[in-house]
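No lab work stands behind these numbers, since they all come straight from the coordinates. Here the structure is a predicted model, which is why all the values come from computation and not from measurement. Don't worry about glycine lacking a Cβ; one is built from the backbone with ideal geometry, like all the others, and counts go over all protein chains shown.
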Amino acid sequence: MNRLRCFITVEGIEGAGKTSCLERIEERIRSRGLPLLVTREPGGTPLGEDLRALLLGHLHAGMAQDTELLLMFAARAEHLAAQIEPALASGAWVLCDRFTDATYAYQGFGRGIDLARIAALEDWVQGARRPNLTLLLDLPVELGLQRAGKRSTPDRFERETLAFFERVRDGYLDLAASMPERYRVIDASQPLANVLQQVSAQIDSFLDVYA
Ligand code: TMP
């Protein structure tokens, strides 16, 4: 197994069907008998989950943009140290529901924080660690928000405007275009069965090469 090729992330705006896709990816990886850590951001550790509650909850709804950015990276530093790096070092695969590309998309493109600042934090917190494969579940914002709205009460991000999510979506597409070797873009506007079929095809072809 190529140990450098086993950190997989899934990204997309709200309502893209991330949860079902993550379950499918997990199932495909486990079907090959590979050890796997499934985790998420912000979160993935007890401290990270507490930070997640602060970031997604409404108690500190008006937090400064830089506070939000730094809390994302604080949670990430803990996640890398306590979970991701030990798992990769042990030879396990890691499947993460969002990672630093979400920071570029939401805090960078969405909020307007200078991408160079995010890149500096990325280098500091992660060193050379980057995902080896990122699946971007892409769909029109209105459709995503419509789907997401059918679930529970909106969190702090889900309360954002349509224009914010348009910037996030465009940001993700920019990232995908600038890193075609790492990104696979999935058309998530289709019915779930078709989306899952695309996800399986992408993950299986990756596993054929690297597992
Ligand atoms: P989710 O896990 O339900 O997708 O919710 C996480 C929310 O946090 C989502 O709205 C995206 C947001 N987020 C950021 O803004 N920046 C980040 O770096 C990460 C990991 C998530």
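So if we plug the beta-carbon distance of LEU162 and ASP204 into 1/(1 + (r/R0)^6) with R0 = 35 Å, what FRET efficiency do we get, rounded to 0.05?
Working from the Cβ atoms, E equals 0.50.
Which one, ALA81, ALA116, ALA148, has the greatest fluctuation when you compute a Gaussian network model over the chain with C-alpha springs under 10 angstrom?
Maximum among the listed residues: ALA116.
Work out how much length THR67 to ARG130 would gain on full extension: take 0.36 nm times their residue separation and subtract the Cα-Cα distance, in nm to one decimal.
Values: separation 63, 0.36 × 63 = 22.68 nm, distance 2.32 nm.
Extending this stretch completely gives an extra 20.4 nm.
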